[in-house]
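Remarks on the structure that follows.
Every number in this text was worked out from the coordinates using simple rules, so none of it is lab data. What you see is a predicted model; the values in this text were computed from it and never measured. So basically every Cβ, Gly included, is an ideal-geometry build from the backbone, and we count neighbours across all protein chains shown.
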Amino acid sequence: MTNTRSILFGSAWVIALAALCTGSAWFALRLVENAHAESWRWLAVGTMLAVPLACALAVQGLARTGVVNRARAALALEGSVGINTGDCSGWFRTLAEAVNRRLAAESQRTEQLTARLREAEIRLSIAEAERRHTETILHSLRDAVIVTDPFNELTLANPSAAKLLGFDQAGSTHKPIEDIVKDDELRRIIKEVRQSGMLSKQRHIEHTMQPAGSGPNAGPPASFDVTIACLPPRTPVGTPGAPKEVGGVVTILRDITREKEISQMKSDFVSQASHELRTPIASINAYVEMLLDAEARDEATKQEFYSIIKGEAERLARMIDNMLNISRIEAGIVSVDRSEVDFAKVIREVIEMMQPQAKAKNIMLLERIGPLIYTAEADRDMMHQVILNLVSNAIKYTPEGGRATVSVETDDNSRSILVSIQDTGLGIPPEAMDKVFGKFFRIESYKRMAKGTGLGLNLVKHIVETVHHGQVGVFSEVGMGSRFWFTVPFEFQSGRSG
Amino acid sequence: MNEQQTNDSGTLVGRLIVVDDEMHIVHVLALKLRNAGYEVRTAADGEEGFELATQNPPDLIITDLQMPFLSGLEMCAKLRNHPSTSKVPAIMLTARGHALSRTDLDTTNIRLVLSKPFSPRQVLEEVERILGRPSAGALSKEAA
């Protein structure tokens, strides 16, 4: 700004000087034209040269004495905007004041515009940060989110949506929804919500559809909790060309397949548990009533009834214990009393306990224990329960005259104790092999063979795998018998576990 | 199983079949009904129950719902469709009383659904009521 003013000021001086020189030259020429005598002609030429020179010297002198600077100051062309009217008077003062007012207004407007520009820049920066923030949140969601505009074109989507619906996220913006969402029903619902134009309401539906992917790799249909909401219009209603309905639709798809499965499993468990618990209660109730009604007409019948009642009560207690133990283990709240367990001793205890039942069916219950000491750090009572359940099953599902053998050995590869229960029983059909350790699973055709809670093997699996980090499994062939086995890791002790 | 029974006065009052995969339930019901003078045959599943019933139709069948091979409901539907047992009424014992729909009841001859735990005394009373009024088509309040 100062440079511009200096140039203007300098130019004014040059023009003034040129005008003076031109005037002097014109006057000198007039003199020369009118001079008749030689001396006058020389005087004219001298004047023509002297006047500009004198003027230049005068300007130089004035500059040295500060007059020029004062004039420049009067015009206030350096430093502040406006003219210093203190040194002015008359029409020049009026003019200067008007110029000053105009300059002040313009200056103020410039300042305002500058401030607005800064504010807009800050707002833009904040909006950009918020957009990135929102985008990061959106992209980190496991739920699939797609946003469409009033023209039913995609404006925003997250990677979960791209994966679920099978589209290229980067190249799909502004593509019609028909190209993005292949599921007819979902597309119809989105359109319906957009057309309803109800901004205040969200619509929730449960929808089952096939996730993206086809061919042999296509998974089963999945269930989704779909939330669809209208977005407010971006432009005010009435703006030319702007649609009068909603600004778009946001659709959120939450995969609830697993939740539904868990819910169904819980529901099945409660239903099954309630059914299983009622059965021994029904027996107890009926036999007690028979005793009360004097239907047991001799002492032997009475004793039989007492025995049945006791057995059913024990069965009920066992079922409740099993359920609670499984529940505790699953919830991770089981208390484990770890000690150095002598497996040979536990096996002998179980065999002794189960021998009467084996004898009742004429089943040979045998042990096969080597000369070593088989110990591992484990919960003794739980190990007892595991072996008891497996031996009990072997007796239940082995026909009369069969054989069941319990053996223990060390498995140096996995640094574990390996316990096996081999029987000559019915065996397990191949289709049931992966279900036998499930809750309440019983092979239908074997139900008549023996009573059970359907929880025994599930508890075995939980105790071995969840609590002791061992392994459990079964080899079986229908008609040839089964071999159930489990391992429990031991802490190696030289000379003890070999 | 085909034990001929009489009541205290020595009169045979009816022939029944009890079907349940729970041995103790079959045992207690059979004893209660035999003591009351009924001839009682027993079966451990639906298939066996159906065979017994079609070989020699009983006056009434008492059956559990959930059983291997053939459920109590399936057995009752088959009996309804079999010429020799199409009129044989049934009492259903179940731990899942709500599992039966009106259609289930309409397509079978199930006259009553009793929930487990049940009372043998009540079962006997209901057997007597149903056999005493063989034409009774009205469902009991529990079945309804």
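From the C-alpha gyration tensor of region A:319-364, pull out the three semi-axes of the equivalent ellipsoid (sqrt of 5λ each), sorted largest to smallest, in whole Å.
Numbers: eigenvalues 165, 62, 7 Å².
Taking √(5λ) for each Cα gyration eigenvalue gives 29, 18, 6 Å.
Starting from the Cα-Cα distance between A:L292 and A:T134, subtract it from 0.36 nm times their residue separation and give me the gain in nm to one decimal.
Numbers: separation 158, 0.36 × 158 = 56.88 nm, distance 7.38 nm.
Stretched out fully, the A:L292 to A:T134 stretch lengthens by 49.5 nm.
Starting from the Cα of B:Q55, move 7 Å in the Cα-to-Cβ direction to define the label point; list residues of region B:16-48 whose amide nitrogen is under 15 Å from there.
The answer is B:16-19, B:40-48.
Taking A:K361 as the anchor, which aspartates and glutamates have their alpha carbon closer than 12 Å to its alpha carbon, excluding any fewer than eight residues away along the same chain?
A:E400
State the Cα centre-to-centre distance between region A:391-407 and region A:266-300 in whole Å.
Cα centroid of region A:391-407 versus Cα centroid of region A:266-300: 28 Å apart.
Which links in A:K396/A:K461; A:K163/A:K435; B:K32/B:K78; A:K182/A:K266; A:K359/A:K435 stretch past 22 Å when you go from one Cα to the other? Walk me through the numbers on the way to the answer.
On the way: A:K396/A:K461 19 Å; A:K163/A:K435 33 Å; B:K32/B:K78 27 Å; A:K182/A:K266 34 Å; A:K359/A:K435 30 Å.
Too far apart for the 22 Å limit: A:K163/A:K435; B:K32/B:K78; A:K182/A:K266; A:K359/A:K435.
Rounded to the nearest Å, what's the spacing between the alpha carbon centres of region A:119-169 and region A:311-330? Just the number, please.
Result: 52 Å between the Cα centres.
Each residue of region A:97-112 in turn: what ³J(HN,Hα) in whole Hz from Karplus with 6.51, -1.76, 1.60 and θ = phi - 60°, glycine and Pro shown as x?
4, 4, 4, 4, 4, 4, 4, 5, 4, 5, 4, 5, 4, 4, 4, 4
In region A:361-481, what % of DSSP beta bridges are antiparallel (nearest 5)?
Working: 9 of 15 bridges.
DSSP beta bridges in region A:361-481 are roughly 60 percent antiparallel.
Which trypsin sites (Lys or Arg not before Pro) from region A:130-185 combine a DSSP loop assignment with at most 15 other Cβ atoms within 10 Å?
Loop-located and lightly packed - A:R142, A:K182.
Report, ordered by chain and residue number, the lysines lying within cross-link reach of A:K310, taken as a straight Cα distance under 16 Å and ignoring same-chain residues fewer than 8 apart.
A:K302, A:K451
Loop only by DSSP, 15 or fewer other Cβ within 10 Å of the Cβ. Give me the trypsin sites (Lys or Arg not before Pro) in region A:250-348 that pass, ordered by residue number.
Answer in residue order: A:R297.
Once amide H atoms are built 1.01 Å from N in the peptide plane, which residues 5 or more positions from A:F224, or in another chain, come under 5 Å H to H?
A:H207, A:T208, A:M209, A:I256
Positive end of the charge dipole of region A:230-365 (Lys, Arg +1 and Asp, Glu -1 on Cβ, about the Cα centre): tell me which of A:I262, A:T251, A:I363 has its Cα farthest that way.
The residue sitting most towards the positive pole is A:T251.
Which residues' amide hydrogens lie under 5 Å from the amide hydrogen of B:G14, considering only partners 5 or more residues apart or on another chain, with H built in the peptide plane?
For B:G14, whose amide H was placed from the backbone, the distant partners under 5 Å are B:E39.
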